[in-house]
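Encoded as structure tokens, the structure appears first; notes follow it.
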Amino acid sequence: MKIVVDAMGGDFAPKVNVDGAIDALCEYPDMEIILVGPETLIEETISAYSNAEAMAKVRNRLTVVDAPEVITTEEHPVMALRRKKNSTFVVGMDIVRRKEAQAFVSAGSTGALMAGAMFKIGRIKGIDRPALATLLPVPGRPLLLVDAGANTDCQPKWIVQFAMMGSAYMRRVMNVEKPEVGLLNIGVEAAKGNEQAQNTYALMEKPQPFAFIGNVEARDALAGKADVIAADGFVGNVLLKNTEGVISLIFGLIKGGLMDSAKGKLAALLAKDTFRNIKRSFDSTEIGGAPLLGVEGAVIKAHGNSNARAIFCAIRQAKSMVDGGVVDVIREEVAKLSVEDEKEE
């Protein structure tokens, strides 16, 4: 298996990307990694890896492909892809398009990743819009949110496709035998929500290759009501950012409250292991990133502030997608969707 890693993506490139890639090679002997980025800089970073002995053992499975240009988050994605033909996105995704690798991982620009995957790698036939799928760190029952921000102003049939792709991912990567899919809405009744939500519900009620359980309110999204939450990318991203903010706020309030008094400090000391385990269960680092579902390859968007561990986990996620045949399953199941043809507005 070959995986392309954008060595220049993210806030701490190239070191964390190179270190994460080498860590993954040490863990998975059946993996080869292609690092794309400025060749001299990447080679220097490889040489600086902390464990020279471990790096030497995997060096024959690590290739560097020169890509001297970098697309930043400030640039217009489509224009940058057209202008920077030697960027890490263009060079890396061309490798996947040519079937010389099965996956692409980047912590760089989300817009460039989305546009590059659509125009360079290509959509799966029958999928209108690829979608970002984010695993929310919910203890006990993993929750996949699709779409988490790649598409806004979605047509109902797109959201049905998001549901199908999310269900396929949960089955093949997270080993959930029959994922339950909910539609994010402001109420549980079928008549709730705006026109888009009501029309989507009507389509999902038809026979589909996924288990639809009805509407799910935002307050119940983290309560284990479903395995997959399908949503318009706008409201999905609002839910995602709100969840991240609330989790951070709660941990901050607990820490501040316990540190205000001697009794609180004692309680914190006694419950230290419990708090550590709870915090670990919400740690997004172990998730690694968000898969972009609906394109002809395993594409993973890692967080822009990823450390080496997060890059390792993103590569592991790409490996799981390839091993699970997620792209093949989506390709097979798109034909089973019960969706009505809609005219583009």
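Structure above, values below:
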| quantity | calculated |
| --- | --- |
| Efficiency of FRET from Cβ geometry, Asn194 and Val246, R₀ 30 Å, rounded to 0.05 | 0.80 |
| Within straight-line cross-link reach of Lys15, lysines at Cα separation under 24 Å, skipping those fewer than 8 residues along the same chain | Lys2, Lys57, Lys84, Lys85, Lys301, Lys319 |
| Average accessible area per residue (Å²) across the chain - probe 1.4 Å, nucleic acids and ligands excluded | 47 |
| The chain - percent relative contact order, Cα under 8 Å, separation 6 or more | 23 |
| Gain upon complete extension [Val138, Val78; 0.36 nm per residue less C-alpha separation] | 18.2 nm |
| Of Ala290, Ala267, Ala131, the one that fluctuates the most in a GNM where the chain has Cα springs shorter than 10 Å | Ala267 |
| For segment 53-61, 3J(HN,Hα) per residue [Karplus equation, 6.51 cos²θ - 1.76 cosθ + 1.60, θ = phi - 60°, Hz, x = Gly/Pro] | 5, 5, 4, 4, 5, 10, 4, 6, 9 |
| Accessible-area composition of the chain, carbon plus sulfur, in percent [1.4 Å probe] | 52 |
| Inter-part distance where segment 119-172 and segment 200-271 are each reduced to a Cα centre, Å | 18 |
| Cα pair distances of segment 1-75 binned at 5 Å [whole percent] | 3, 17, 30, 25, 15, 6, 2, 1 |
| Neighbourhood charge, 11 Å Cβ-Cβ cut-off, centred on Phe162 and excluding it, Lys, Arg +1 and Asp, Glu -1 | -1 |
| Rg over Rh, two decimals, the chain (C-alpha only, Kirkwood Rh) | 1.00 |
| Quarter of Cα convex hull surface for segment 198-341, i.e. mean projection, nm² | 11.5 |
| Accessible surface ranking that places the most exposed of Arg276, Arg316 first, with a 1.4 angstrom probe | Arg276, Arg316 |
| Candidates Ala190, Ala271, Ala115: whichever shows maximal mean-square fluctuation once the chain is modelled as a Gaussian network with Cα springs under 10 Å | Ala271 |
| GNM result for the chain, Cα springs below 10 Å: residue of Phe12, Phe162, Phe251 fluctuating most strongly | Phe251 |
| Nearest-10 value in Å² for the accessible area of Lys265, using the 1.4 Å probe | 110 |
| 13 Å beta-carbon shell around Val5, net charge (K/R +1, D/E -1) | +2 |
| Accessible surface ranking that places the most exposed of Leu113, Leu258 first, with a 1.4 angstrom probe | Leu258, Leu113 |
| Cut-off 13 Å between beta-carbons: net charge of the residues surrounding Thr72, Lys and Arg +1, Asp and Glu -1 | -3 |
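The values are calculated or read from the model by the stated rules, or taken from the named source; none is laboratory data. From a predicted model like this one, the values you see are computed outputs, not experimental measurements. Methodologically, a virtual Cβ is constructed for each residue, glycine included, from the backbone with ideal geometry; neighbour enumeration extends over all protein chains shown. Just the protein is used for accessible areas: all its heavy atoms, side chains included, with ligands, DNA and RNA removed. Shrake-Rupley method; radii C 1.70, N 1.55, O 1.52, S 1.80 Å.
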